[in-house]
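Okay, structure first, notes after.
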Amino acid sequence: MRYLPRILDLARAAATKSLFLFGPRQTGKTCLIQHALPEVKTFSLLDSDLYLPLNQRSAMLREQIAADDAVVVIDEIQKLPLLLDEVHLLIESRGTRFVLTGSSARKLRRGGVNLLGGRARSHVLHPFVCEELGERFELRRALDVGLLPSIYLSQDPVADLKAYAADYLREEIAAEGLTRNVAAFSRFLEVAACCNGQLLNYSAIGSDAQVPVSTVREYFQILEDTLLGRRLAAWRGSVKRKPITTAKFFFFDVGVARYLQHRRGLRPRSPEFGEAFEAYLFHELSSYQDYRQAAGGRLSYWRSKSGFEVDFIVDERVAIEAKAKTPVGQRDLRGLQALAEEGKLERYLVASLEPHPRRVGPIEILPWRRLLQQLWAGDFG
């Protein structure tokens with residue numbers, strides 16, 4: 001199968017400075033490196049023949065890198081964080097640039113290790129976005145099985161999702177020492193997945209998963225540290241209507257979340273379809289923030305205590321409501337209309353299944369694909 005280019009321009013990013021390339025398993029980090037930096041020397045810490053000697057004597061890394069190795073890749077750097085001292089030395093003494101990949105930043109952030117003091121930028125590789133797949137993108141398939149490259153392109157995505165959930169989400173997280181109680185974490189995963197895209201309620205999740213609230217908080221932090229999910233903060237800029245301040249939480253991939261929910265197949269117009277569509281739109285928007293606006297882009301949602309809600313606020317400028325339906329009715333616009341009365345944002349949009357764009361007062365109702373084309377074209381700022 002031919003390689004599908006990714007939006008993240010790794011060769012350009014590595015041309016001037018070292019970088020960390022984070023991303024969940026199977027987002028395509030290794031494949032991206034092979035195509036963007038095909039001739040670069042690579043050290044994979046998944047290779048035990050390499051890992052064990054370096055674990056015993058990290059200076060071996062310095063001995064295996066030549067003076068003319070301008071760029072060097074170290075894969076799965078979180079498995080041996082002490083190598084970062086050697087990386088630091090080589091950056092300073094030889095000007096070597098490094099691409100340091102990993103699926104978890106938890107050990108690096110919490111282990112007190114050398115994070116290179118600003119000598120390396122951080123990038124995140126996400127599952128596919130619509131822009132990368134082009135004509136190969138199918139909305140219903142994306143909402144059902146997700147957009148992890150190896151799964152979206154698989155001939156048996158359900159079997160691959162099962163392996164991903166069983167082998168990685170449970171066993172490997174345990175193997176990394178991120179949690180000692182695999183059974184409790186597995187229960188938590190399924191309950192948390194059923195709350196994908198909803199307000200965080202630690203007490204309710206703890207009760208359903210049979211784990212203490214303090215453990216629920218720790219588990220959510222594990223999901224964030226391993227890039228398997230992220231919080232969506234509440235937007236607090238409204239004045240006329242008092243906003244709710246509780247964050248939401250989204251898994252990194254709608255297909256993984258749906259597998260953990262034990263859901264298969266999607267019927268258009270069903271509540272499940274609408275939930276998956278909103279989660280997918282969050283994926284596109286958060287990926288855009290990471291790929292194009294690393295210097296401070298902000299994504300949030302708005303809900304008033306009186307019950308009005310808008311799914312996404314992009315960079316304090318654009319409000320977006322996800323409606324997986326056609327036609328979009330007047331009732332579907334209540335949240336955007338209430339927010340428009342505040343007069344604080346520049347655009348008010350609906351991502352819909354309608355085939356043609358139209359306007360209702362200040363609100364633009366757009367086909368979802370056209371909205372994403374505008375996003376990736378930079379029309380949102």
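Please determine, by comparing only the residues of region 229-256 that are of a type in the set (D, E, K, R) and modelled with pLDDT of 90 or more, which one is surrounded by the most Cβ atoms within 10 Å (Cβ to Cβ).
Kept after step one, since they are of a type in the set (D, E, K, R), are these residues of region 229-256: 230-231, 236, 240-242, 248, 253.
Subsequent filtering for residues that are modelled with pLDDT of 90 or more retains 230-231, 236, 241-242, 248, 253.
Details: 230: 19, 231: 15, 236: 12, 241: 16, 242: 11, 248: 20, 253: 29.
Checking each candidate, the answer is 253.
Suppose we keep only residues that are open to solvent by 20 Å² or more (accessible area, probe 1.4 Å) and not small (Gly, Ala, Ser) within region 87-98. Which one would you say is nearest to residue 26 (Cα to Cα)?
Here is the first cut: in region 87-98, the residues open to solvent by 20 Å² or more (accessible area, probe 1.4 Å) are 88-89, 91-95, 97.
Narrowing further to those that are not small (Gly, Ala, Ser): 88-89, 91-92, 94, 97.
Details: 88: 28, 89: 31, 91: 29, 92: 32, 94: 32, 97: 24 Å.
Going through the qualifying residues, I end up with 97.
Only one of these is in contact with a Phe, Trp or Tyr (Cβ under 6 Å, 6 or more places away or on another chain), closer than 20 Å to residue 290 by Cα and of a type outside the set (Ser, Thr, Tyr): 125, 147. Name it.
Only one candidate passes the filter, namely 147.
A quick yes/no check of all residues on (1) modelled with pLDDT under 95; (2) open to solvent by 10 Å² or more (accessible area, probe 1.4 Å); (3) touching an Asp or Glu at 6+ places or on another chain (Cβ under 8 Å); (4) of a type in the set (Ser, Thr, Tyr):
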{"site": "16", "(1), (2), (3), (4)": "yes, yes, no, yes"}
{"site": "34", "(1), (2), (3), (4)": "yes, yes, no, no"}
{"site": "46", "(1), (2), (3), (4)": "yes, yes, yes, no"}
{"site": "51", "(1), (2), (3), (4)": "yes, yes, no, yes"}
{"site": "75", "(1), (2), (3), (4)": "yes, yes, no, no"}
{"site": "82", "(1), (2), (3), (4)": "yes, yes, no, no"}
{"site": "85", "(1), (2), (3), (4)": "yes, yes, no, no"}
{"site": "112", "(1), (2), (3), (4)": "yes, yes, no, no"}
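Take region 18-31 and flag every residue that is open to solvent by less than 40 Å² (accessible area, probe 1.4 Å) and out of contact with any Gly (no Cβ under 9 Å at 6 or more places or on another chain).
If we filter region 18-31 for residues that are open to solvent by less than 40 Å² (accessible area, probe 1.4 Å), which is where we start, we get 18-25, 27-29.
Within region 18-31, 18, 19, 24, 25, 27, 28 meet the criteria.
Restricting to region 197-220, give me the number of residues that are in contact with a helix residue (DSSP H, G or I) (Cβ under 8 Å, 6 or more places away or on another chain) and either under 17 Å from residue 180 (Cβ atoms) or open to solvent by less than 30 Å² (accessible area, probe 1.4 Å) (or both).
Filtering region 197-220 down to residues in contact with a helix residue (DSSP H, G or I) (Cβ under 8 Å, 6 or more places away or on another chain) leaves 197, 200, 202-203, 205-206, 208-213, 215-217, 219-220.
Filter again for either under 17 Å from residue 180 (Cβ atoms) or open to solvent by less than 30 Å² (accessible area, probe 1.4 Å) (or both), leaving 197, 200, 205-206, 209-212, 215-217, 219-220.
Summing the residues that are in contact with a helix residue (DSSP H, G or I) (Cβ under 8 Å, 6 or more places away or on another chain) and either under 17 Å from residue 180 (Cβ atoms) or open to solvent by less than 30 Å² (accessible area, probe 1.4 Å) (or both) in region 197-220 gives 13.
For the subset of region 132-146 comprising residues that are within 15 Å of residue 254 (Cα to Cα) and touching a residue at least 40 places away in the same chain (Cβ under 8 Å), which member is most open to solvent (accessible area, probe 1.4 Å)?
140
Quick one: in region 168-196, which of the residues that are open to solvent by 50 Å² or more (accessible area, probe 1.4 Å) and outside any helix (DSSP H, G or I) is modelled with the lowest pLDDT?
For region 168-196, the residue satisfying everything is 177.
So, in region 87-110, how many residues would count as being within 24 Å of the chain's Cα centre (by Cα) and either at pLDDT below 90 or of a type in the set (D, E, K, R) (or both)? Spell out how you get there, then give the answer.
First, the residues of region 87-110 that are within 24 Å of the chain's Cα centre (by Cα): 98-110.
With the extra rule that they be either at pLDDT below 90 or of a type in the set (D, E, K, R) (or both), the set shrinks to 102-110.
Number of matching residues: 9.
Within the group 259, 291, which residue is closer than 24 Å to residue 378 by Cβ, among the aromatic types (Phe, Trp, Tyr), touching a residue at least 40 places away in the same chain (Cβ under 8 Å) and open to solvent by 10 Å² or more (accessible area, probe 1.4 Å)?
Working: 259 fails: closer than 24 Å to residue 378 by Cβ.
Just a single option satisfies the conditions, and that option is 291.
Within region 355-373, does at least one residue satisfy the condition of being in a loop (DSSP other than H, G, I, E, B) and of a type in the set (S, T, N, Q)? Quick ask: steps written out before the conclusion?
Taking region 355-373 and keeping what is in a loop (DSSP other than H, G, I, E, B), we get 355-357, 361-362.
With the extra rule that they be of a type in the set (S, T, N, Q), the set shrinks to none.
No: region 355-373 contains no residue that is in a loop (DSSP other than H, G, I, E, B) and of a type in the set (S, T, N, Q).
The values are calculated or read from the model by the stated rules, or taken from the named source; none is laboratory data. Being a predicted model, the structure only gives us computed values, none of them experimental. Using ideal geometry, Cβ is built from the backbone for each residue, glycine included, and neighbour counts are taken over all protein chains shown. SASA here: full protein model, heavy atoms, side chains in, ligands and nucleic acids out. Shrake-Rupley method; radii C 1.70, N 1.55, O 1.52, S 1.80 Å.
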